[in-house]
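Below is one structure, written out as structure tokens; comments come after it.
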Amino acid sequence: MLDVEKFLKALAQQNVKYILVGGMAAIGHGMNYATDDLDICYQRKKENLEALVRALTPSHPKLRLFKGLGDGVPFLFDAKTLKNGLNFTLVTHWGSIDLLGELERIGCYETLISKAIQFEFFGIQVDTLSLDDLIRAKKAAGRTKDKLHLLELEAIREI
């Protein structure tokens, strides 16, 4: 079960620099949607990677593996691992979270933060992907579910 509040409070307590993307960003913009994971695009500076590790370590993150791969893949959740990788799909005691160093064909934290919008979730101000960037990200992803979401997101933009 996804506990968005625990994630957001932990990230806020450690002053992690990130942008909320994906389903929770869509919810912030007014979309009627249920999501089973939290997606964030995080700043990749050393201090922020360390803060991200401090924030999420209490949730006991492990790689979220595809069916058939098993649980035997070793994974050390630390700043060095985050620096050497880019995008991570994790399962934790608080639910699933995707750490995205970059949104494909959309950009990284530094590119997206200037257009981000702040929404309040659980009393926390959260930088959230702009509606236009969210629509671009859904188009770039091209998955069936993203195509369906585009109809509602584009309707929200028209309003």
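Pick from LEU129, LEU112, LEU99: which is surrounded by 14 or more Cβ atoms within 10 Å (Cβ to Cβ), closer than 18 Å to GLN14 by Cβ and not aromatic (Phe, Trp, Tyr)?
Values: LEU129 fails: closer than 18 Å to GLN14 by Cβ; LEU112 fails: closer than 18 Å to GLN14 by Cβ.
On inspection, the qualifying residue turns out to be LEU99.
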Test of understanding: among ILE135, ILE117, ILE106, which residue is closer than 19 Å to LYS17 by Cβ, modelled with pLDDT under 95 and buried (at least 17 other Cβ atoms within 10 Å of the Cβ)? ILE106
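Quick test for you: out of THR144, THR111, THR128, pick the one residue that is modelled with pLDDT under 95, on the phi < 0 side of the Ramachandran plot and polar (S, T, N, Q). Steps first, please.
Details: THR111 fails: modelled with pLDDT under 95; THR128 fails: modelled with pLDDT under 95.
Exactly one residue qualifies, and that residue is THR144.
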Taking the condition of being closer than 16 Å to ALA51 by Cβ, among the β-branched types (Val, Ile, Thr) and in contact (Cβ under 8 Å) with a residue 12 or more places away in the chain, how many residues in segment 74-109 meet it? 1
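I need the full set of residues from segment 54-73 which are at pLDDT 90 or above and closer than 16 Å to ASP98 by Cβ, in order please. Outline the logic, then answer.
Step one: of segment 54-73, the residues at pLDDT 90 or above are 54-63.
Passing the criteria: ALA55, LEU56, SER59, PRO61, LYS62, LEU63.
Find the helices (runs of 4 or more DSSP H) located wholly in segment 1-79 whose residues include 1 or more that are over 28 Å from LYS147 (Cα atoms) and open to solvent by 40 Å² or more (accessible area, probe 1.4 Å), and list them. Give the derivation first.
Numbers: elements: 4-13, 23-28, 46-56.
Qualifying helices (runs of 4 or more DSSP H): 4-13, 46-56.
Just need a number here: residues in segment 117-157 that are assigned to a helix (DSSP H, G or I) and over 13 Å from MET31 (Cα atoms). Before the answer, list the steps.
Residues of segment 117-157 that are assigned to a helix (DSSP H, G or I), as a first pass: 131-141, 144-157.
Filter once more, so that each one left must be over 13 Å from MET31 (Cα atoms): 132-133, 136-141, 144-145, 147.
Counting residues in segment 117-157 that are assigned to a helix (DSSP H, G or I) and over 13 Å from MET31 (Cα atoms) gives 11.
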Considering each residue of segment 121-159, count those that are touching a helix residue (DSSP H, G or I) at 6+ places or on another chain (Cβ under 7 Å) and hydroxyl-bearing (Ser, Thr, Tyr), and give that number. 2
Candidates LYS62, LYS9, LYS46, filtered to the one that is farther than 20 Å from ILE124 by Cα and in contact with a strand residue (DSSP E or B) (Cβ under 9 Å, 6 or more places away or on another chain): LYS62
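The values are calculated or read from the model by the stated rules, or taken from the named source; none is laboratory data. It should be emphasised that the depicted structure is a prediction, and the values quoted were computed from it without experimental measurement. Don't worry about glycine lacking a Cβ; one is built from the backbone with ideal geometry, like all the others, and counts go over all protein chains shown. Please note that ligands, DNA and RNA were not included when accessible areas were found on the heavy atoms of the full protein model with its side chains. Shrake-Rupley method; radii C 1.70, N 1.55, O 1.52, S 1.80 Å.
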